[in-house]
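In what follows, a single structure is set out as structure tokens and then discussed.
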Amino acid sequence: MRVFKFGGASVRDAESVRNVARIIERFKNDQLIVVVSAMGKTTNKLESLVNAHFAGQATEAILEDLRKCHGDIARDLFEDASKVVDDINNTLVEVEWALDDPDGLDRHFQYDQIVSIGEMLSTKIISAYLTSEGLANEWVDARDLIRTDNNYQDAKIEWDETRTMSSERIGKAFEKADIVITQGFIGGTSENFTTTLGREGSDFTAAILAHCANAKDVTIWKDVPGVLNADPKYYDNTVLIPEMSFFDAMELAYFGTSVIHPKTIKPLQNANIPLYVRSFVNPDAQGTVVSNKEGLKIPPSFIVKPDQVLISLTPKDYSFVTEAHFTEIYSVLSDIRMKANCAQNSALHFSFSTNNDEVKLKELQKRLEAEYFIELVENAELVTIRYYDDETIARTTKGKEVLLDHRTATSAQLVVK
């Protein structure tokens, strides 16, 4: 049994869905669990809808856009799309119900109930299309497979219950068909509320299900040839990394590579399940394999996080920065769900870079301004270099101001502007 994951770019339109079906057909002799993300930019649109709702703004136009986009894809795929379009419209009613819930509900809770609908829409369309192409499959609700706590927007897995639930439900599905279609990114609580596993969490879903089902392997289908040593948007002459260890993959994912979600590696490494990153554009290409194999060497690898804010905190009493300050600062960061992507301290200052989120930045200032001088530098970028050398540092900093330079034996993190 194998696990496949298809992200939003791989199912962004009707032709992309047809391509997914062609890839799945190549493996019709295998049992497959197919994890699918929301189509194209659907998650962004649903996030915009949540923001509009909590800002007291109109949401009807966003809902209509979602209805039209998914309906157009269905009408392109099916000669008679009426049943699928009805299913799309009925699914979007769940968004309307969430928007009609009483005021004052927790924003994180509401986010999960609304944004998760994107995966419901995509998987229903894809399941119906596979059936129409003669590829028998079972659509399974991921909330019946993955049990989580109620930490909405970043739910934690309840592993024992997830193993039991997924084993039972997927086992029954495989009695009916060799292809199981389910949603990435989402789970459910014991109270039957929907949760999400963190942005871009579909890779993690694939790893969870593979771990629980003791899968042969996991394949993430991307729009790149595999894991490259840098994002082609920022660097020329990138090279494919054909093999890498789980350790290096975990390091790159932690620092922010867009190819593999940070939480994906651990469940696979623990169960010794190899991970393949392959191209849905060119399925015959070799891609990248990530495994427990030792002694693998990879070239210097670059990860760029744009739109960063460098925050410097100085105690107003000019006391030395101590563990007590770290505890206070990180407690606030945890409360407001702000991540320090790179941090460094000196005797009187604590500095870190973070994603530019206006709401969280205001809350941080509100919580800390009584005791700290706060300095913000916007429009920065964080560049992480795994296996750096003098040439790669020079290449990264040429023509730029270095705001923060943090290095270990194997990795360098530079905040530059």
CD proxy, 222 nm, the chain: helix-only mean residue ellipticity via -39,500 (n - 2.57) per DSSP H run with n ≥ 4, per residue, nearest 500, stands at -12500 deg cm²/dmol
Value of relative contact order over the chain, rounded to a whole percent, pairs C-alpha under 8 Å and six or more apart: 13 percent
Averaging sequence separations of C-alpha pairs under 8 Å and six or more residues apart, then dividing by the length of region 1-122, give the relative contact order as a whole percent. 30 percent
Contour excess over end-to-end distance, with Cα ends at residue 401 and residue 144 and 0.36 nm allotted per residue: 87.5 nm
Rounded, prolate or oblate: which one fits region 81-158, using the alpha carbon gyration tensor with axes a ≥ b ≥ c (rounded when a/c is under 1.5, else prolate when a/b beats b/c, else oblate)? oblate
Radius of gyration and Dmax over the Cα atoms of the chain, both given in Å: 22.6, 72
Quick one: compute a quarter of the convex hull surface over the Cα atoms of region 334-380 and quote it in nm². 3.6 nm²
Applying 1/(1 + (r/R0)^6) with R0 = 51 Å to the Cβ-Cβ distance of residue 357 and residue 136, what FRET efficiency is obtained, to the nearest 0.05? 0.70
Simple SL model, points at 7 angstrom along Cα→Cβ for residue 408 and residue 199; separation in nm is 2.4 nm
Length gained when the stretch residue 374-residue 97 is fully extended (0.36 nm per residue, less Cα-Cα span): 95.5 nm
Restricted to the chain, the DSSP antiparallel beta bridge percent, nearest 5, is 60 percent
Given axes a ≥ b ≥ c from the Cα gyration tensor, I'd like to know whether region 2-215 is rounded (a/c under 1.5), prolate (a/b larger than b/c) or oblate. oblate
Counting only C-alpha contacts under 8 Å and six or more residues apart, can you give the relative contact order of region 230-332 as a whole percent? 31 percent
Could you tell me whether region 213-324 comes out rounded, prolate or oblate from its Cα gyration tensor? Rule is a ≥ b ≥ c as square roots of the eigenvalues, rounded for a/c under 1.5, then prolate if a/b exceeds b/c, otherwise oblate. prolate
At q = 0.15, 0.20, 0.23 Å⁻¹, work out log10 I(q)/I(0) for region 301-416 with the Debye formula, treating every Cα as an identical point scatterer and leaving solvent out; two decimals please. -0.67, -1.08, -1.30
Qualifying GluC sites (Glu not before Pro) in region 114-188, DSSP loop, other Cβ atoms within 10 Å at most 10: 175
At a Cα cut-off below 25 Å, give the lysines reachable from residue 222, other chains included and same-chain residues fewer than 8 away excluded. 5, 28, 41, 45, 124, 233, 263, 266, 293, 297, 305
In whole Hz, what ³J(HN,Hα) sequence does region 378-386 give by Karplus (6.51, -1.76, 1.60; θ = phi - 60°), x for Gly and Pro? 9, 6, 9, 9, 9, 10, 9, 10, 8
Dipole of the chain, positive end: most advanced residue of 6, 387, 121 [Cβ charges, Cα centre]: 387
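Bear in mind that the values in this text are calculations on the coordinates, not laboratory data. Keep in mind it's a predicted model, so treat the numbers as computed, not measured. Reconstructed Cβ throughout: ideal geometry from the backbone, glycine too, with neighbour counts over all protein chains shown.
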